[in-house]
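Asker: Below is the structure I would like to discuss, written out as structure tokens.
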Amino acid sequence: MSTVISSVIKLAEQIKIFQNLKKTIAFVPTMGGLHQGHLSLVDIAKKKADIVVVSIFVNPTQFGKNEDFDKYPNTLANDKYLLEERGVNVIFTPSIDEIYPKGYQTNVEVSEIANLLCAASRPGHFQGVVQVVKRLFELVKPNVAVFGEKDYQQLLVIKDMVERYQMNIAIISAPIVRETDGLAMSTRNQYLSKQERQIAPKVYQVLEQIKKSLQRGESINTVSTQAKNNLEQDFKLDYLEVLDANTLKQINDNTTHIAVLCAVFLGSTRLIDNIVFAKE
Ligand code: AMP
């Protein structure tokens, strides 16, 4: 049976109990609207610790002014059902006031990675992400936290945060869970019209093509230009980049893994996806 907790004080009491019992805690932060991608993180979390805590909190500080904060899908009853069924111990569903009480101020430092890629069209996004994840980590006090590779840039920003603030938390990354046609699962896929939903898997197809072409030895420039032209037939391209997977900088002799990262708009829906593979 999952315990649903909304108050920070109640959560602190529950965490203390786990700590007194010498239980290890794995944490999965989410914004709700749960799908199989989120649940795969829960399954990994269960293998990594005695207790699994999942938070459901749509964090206002990571949304831009004209973004979808107000219409972000809320499927709380179903989310609770799915998490309970998955054997989650604590479902933390705080209000905005619990996370950011009056007068609460934090000035978070972020890695330079936070200023690349998604930051151009979502300025301040990763500052918001780091702010909320730092706060949630301080409340949940996990030994381990699980993040999806779907948000690859976010994963690197969080890894940097843990080092920067010397938090003793192991960050585990989870592979992208996809629909059968290759589209990366996302809460925002609900926004797509029937027609858009048919077009959306092209993003992953293009990423796969890039990977194959690069593995055949074609040049990054040629391959990315072709891919951009191809994507622009159906999407408004935000970015498509082929980078060092560890640093998100240009590929060089020290690069061991390549990341191809992409963000597009389909109508008003922004889709992100990526593919990471070893450099041969
Ligand atoms: P969100 O609720 O969108 O903030 O996502 C919560 C966590 O789930 C993040 O660590 C995401 O990277 C992860 N996640 C979202 N979609 C997927 C997916 N399709 N596969 C794997 N992880 C995912």
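Asker: Restricting segment 4-37 to residues that are among the β-branched types (Val, Ile, Thr) and touching a helix residue (DSSP H, G or I) at 6+ places or on another chain (Cβ under 7 Å), which is nearest to the ligand (Cβ to nearest atom)? Don't jump to the end; show me each part of the working.
Answerer: So in segment 4-37, the residues among the β-branched types (Val, Ile, Thr) come out as 4-5, 8-9, 15, 17, 24-25, 28, 30.
Next cut, touching a helix residue (DSSP H, G or I) at 6+ places or on another chain (Cβ under 7 Å) only: 4-5, 8, 15, 25, 28, 30.
Values: Val4: 17, Ile5: 18, Val8: 20, Ile15: 21, Ile25: 17, Val28: 7, Thr30: 4 Å.
Across segment 4-37, the extreme among qualifying residues is Thr30.
Asker: Please state which one of Val157, Val133, Val146 is part of a strand (DSSP E or B) and at pLDDT 95 or above. Break it down stepwise before answering.
Answerer: Details: Val157 fails: part of a strand (DSSP E or B); Val133 fails: part of a strand (DSSP E or B).
Answer to the selection: Val146.
Asker: In this structure, is Asp79 surrounded by fewer than 19 Cβ atoms within 10 Å (Cβ to Cβ) and either in contact (Cβ under 8 Å) with a residue 60 or more places away in the chain or not basic (Lys, Arg) (or both)?
Answerer: On the way: surrounded by fewer than 19 Cβ atoms within 10 Å (Cβ to Cβ): no; either in contact (Cβ under 8 Å) with a residue 60 or more places away in the chain or not basic (Lys, Arg) (or both): yes.
For Asp79, the condition - surrounded by fewer than 19 Cβ atoms within 10 Å (Cβ to Cβ) and either in contact (Cβ under 8 Å) with a residue 60 or more places away in the chain or not basic (Lys, Arg) (or both) - is not met.
Asker: Would you point out the residue of segment 164-190, among those that are of a type in the set (Ser, Thr, Tyr) and farther than 17 Å from Phe277 by Cα, that is surrounded by the fewest Cβ atoms within 10 Å (Cβ to Cβ)?
Answerer: If we filter segment 164-190 for residues that are of a type in the set (Ser, Thr, Tyr), which is where we start, we get 165, 173, 180, 186-187.
Subsequent filtering for residues that are farther than 17 Å from Phe277 by Cα retains 165, 180, 186-187.
Working: Tyr165: 14, Thr180: 6, Ser186: 24, Thr187: 19.
Ranking the candidates gives Thr180 first.
Asker: Being in a helix (DSSP H, G or I) and under 23 Å from Asn78 (Cβ atoms) is the filter; apply it to segment 160-195 and report the residue that is farthest from the chain's Cα centre (by Cα).
Answerer: First, pick out the residues of segment 160-195 that are in a helix (DSSP H, G or I): 160-164, 187-191, 194-195.
Cutting the leftovers down to under 23 Å from Asn78 (Cβ atoms) gives us 187-191, 194.
Working: Thr187: 11, Arg188: 12, Asn189: 15, Gln190: 17, Tyr191: 18, Lys194: 25 Å.
Within segment 160-195, the match that is farthest from the chain's Cα centre (by Cα) is Lys194.
Asker: Here is a follow-up. Just give me the residues in segment 131-147 being polar (S, T, N, Q) and surrounded by fewer than 19 Cβ atoms within 10 Å (Cβ to Cβ), in sequence order.
Answerer: As a first pass, look at segment 131-147 and keep what is polar (S, T, N, Q): 131, 143.
Selection gives Asn143 alone.
Asker: Could you list, in sequence order, the residues of segment 3-17 that are touching a residue at least 40 places away in the same chain (Cβ under 8 Å) and either buried (at least 18 other Cβ atoms within 10 Å of the Cβ) or closer than 14 Å to Lys141 by Cβ (or both)? Before the answer, list the steps.
Answerer: The initial filter retains those residues of segment 3-17 that are touching a residue at least 40 places away in the same chain (Cβ under 8 Å), namely 3-8, 11-12, 14-15.
Within segment 3-17, Ile5, Val8, Leu11, Ala12, Gln14, Ile15 qualify.
Asker: Report those helices (runs of 4 or more DSSP H) wholly inside segment 1-100 carrying at least 3 residues which are of a type in the set (Lys, Arg). Steps first, please.
Answerer: Working: elements: 8-20, 36-48, 76-85, 96-99.
It comes to 36-48.
Asker: With Ile44, Ile9 as the choices, which residue is closer than 30 Å to Asp273 by Cα and among the hydrophobic types (A, V, I, L, M, F, W, C)? Spell out the reasoning first.
Answerer: On the way: Ile9 fails: closer than 30 Å to Asp273 by Cα.
Residue meeting the stated conditions: Ile44.
Asker: Would you pick out the residues in segment 101-130 that are assigned to a helix (DSSP H, G or I), within 15 Å of the ligand (Cβ to nearest atom) and surrounded by 20 or more Cβ atoms within 10 Å (Cβ to Cβ)?
Answerer: Taking segment 101-130 and keeping what is assigned to a helix (DSSP H, G or I), we get 112-115, 118-121, 125-130.
From what's left, within 15 Å of the ligand (Cβ to nearest atom): 118, 125-126, 128-130.
Cys118, His125, Phe126, Val129, Val130, listed by residue number.
Asker: Sticking with this structure for a sec: Suppose the filter is more than 16 Å from the ligand (Cβ to nearest atom) and at pLDDT below 95; does Lys65 pass it? If you could, list the steps in order and put the result at the bottom.
Answerer: Values: more than 16 Å from the ligand (Cβ to nearest atom): yes; at pLDDT below 95: yes.
Taking the combined requirement at face value, the residue satisfies it.
The values are calculated or read from the model by the stated rules, or taken from the named source; none is laboratory data. Everything numeric in this text was worked out from a predicted model, so none of it was measured. Methodologically, a virtual Cβ is constructed for each residue, glycine included, from the backbone with ideal geometry; neighbour enumeration extends over all protein chains shown.
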